Amino acid sequence: MFTGIVEEKGTVTALEQLGDAVRLTIRGPVVTCDAAHGDSISVNGCCLTVATLDGEQFSADIMAESLARTSLGDLDTGSEVNLERAVAAGARMGGHIVQGHVDGTARLIDRTSSEHWDVLRFALPADVARYLVEKGSVTVDGVSLTVVEVVDASGSDEAWFSVSLIPTTLADTTLGTRRPDDRVNLEVDVLAKYVERLLAAREAAPKGDPS
């Protein structure tokens, strides 16, 4: 489990094609300082397992399913990525509960810069739109953010949501350099999915059933 508070920006140093998978090697001095084989590290919001360690670098294998459902397939040697180690028991929950299980990808529509913050607007995939609410939480490329606005699709207009980024987020994560049409990984608040599941089960239960 993660919190969506990025610890550092790492750099992809190698990509090895393995047929139906990719072995990704990343340099990240902070996240590797106490890492061990088999540990979980969030890479752009995707929970990956440490396969090998070599000094300040670690490698992880990405299977075809993850490549198809996330933006990890867009990475190349030299790409920067957001890194976070799994949260330790008793640590402060600075962001929100993040599993590292990507629900889909979104495309950056535009960004508006001001003196002290940037507003980023993303196209909202139809299958995750119902889980986002204004002032709720969303994870974008592994970064825990607060939703500013959500607009559902109407007619020819596509659904979208926006977030505001403070200078710290702009400087310390890859969101500071994202440009229109770039893809990002999205993970919605897992609590919303559990609530939906429970309500669906209640609606499906026969009348009079106490469950």
Might you let me know whether segment 81-92 holds any residue that is modelled with pLDDT of 90 or more, surrounded by fewer than 17 Cβ atoms within 10 Å (Cβ to Cβ) and of a type outside the set (Gly, Ala, Ser)?
-> no
Does segment 57-89 hold any residues that are of a type outside the set (Ser, Thr, Tyr), more than 14 Å from residue 21 (Cβ to Cβ) and more than 16 Å from the chain's Cα centre (by Cα), and which are they?
-> 57, 58, 76, 78, 88, 89
Restricting attention to segment 168-187, does a residue exist that is at pLDDT below 85 and either outside the structural domain of residue 111 (by TED's automatic domain parsing) or surrounded by 13 or more Cβ atoms within 10 Å (Cβ to Cβ) (or both)?
-> no
Filter segment 131-168 for residues that are part of a helix (DSSP H, G or I) and in contact (Cβ under 8 Å) with a residue 12 or more places away in the chain; which is nearest to residue 100 (Cα to Cα)?
-> 131
For segment 116-128, indicate whether the set of residues that are modelled with pLDDT of 90 or more, of a type in the set (Gly, Ala, Ser) and more than 13 Å from the chain's Cα centre (by Cα) is non-empty.
-> yes
List every residue pair whose Cβ atoms sit under 9 Å apart, with the two residues 6 or more apart in sequence or on different chains, where the first one lies in segment 68-94 and is on the phi > 0 side of the Ramachandran plot and the second, anywhere, is of a type in the set (A, V, I, L, M, F, W, C).
-> 78/12
Restricting attention to segment 16-30, report how many residues are assigned to a strand (DSSP E or B) and surrounded by 15 or more Cβ atoms within 10 Å (Cβ to Cβ).
-> 7
Checked segment 31-57 for anything of a type in the set (Val, Ile, Thr) and in contact with a helix residue (DSSP H, G or I) (Cβ under 8 Å, 6 or more places away or on another chain); matches are 41, 43
If we scan segment 47-56, do we find a residue that is closer than 30 Å to residue 151 by Cα and under 19 Å from the mean Cα position of the chain (by Cα)?
-> yes
Go through segment 46-74 and give me each residue that's hydrophobic (A, V, I, L, M, F, W, C) and modelled with pLDDT of 95 or more.
-> 46, 47, 48, 50, 51, 53, 58, 60, 62, 72
Tell me, which strands (runs of 3 or more DSSP E) lie completely within segment 43-130 with 1 or more residues that are in contact with a Pro (Cβ under 8 Å, 6 or more places away or on another chain)?
-> 104-113
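The values are calculated or read from the model by the stated rules, or taken from the named source; none is laboratory data. All of these numbers come straight from a predicted model, not from anything done at the bench. Glycine also receives a Cβ, built like all others from the backbone with ideal geometry; neighbour counts cover every protein chain displayed.
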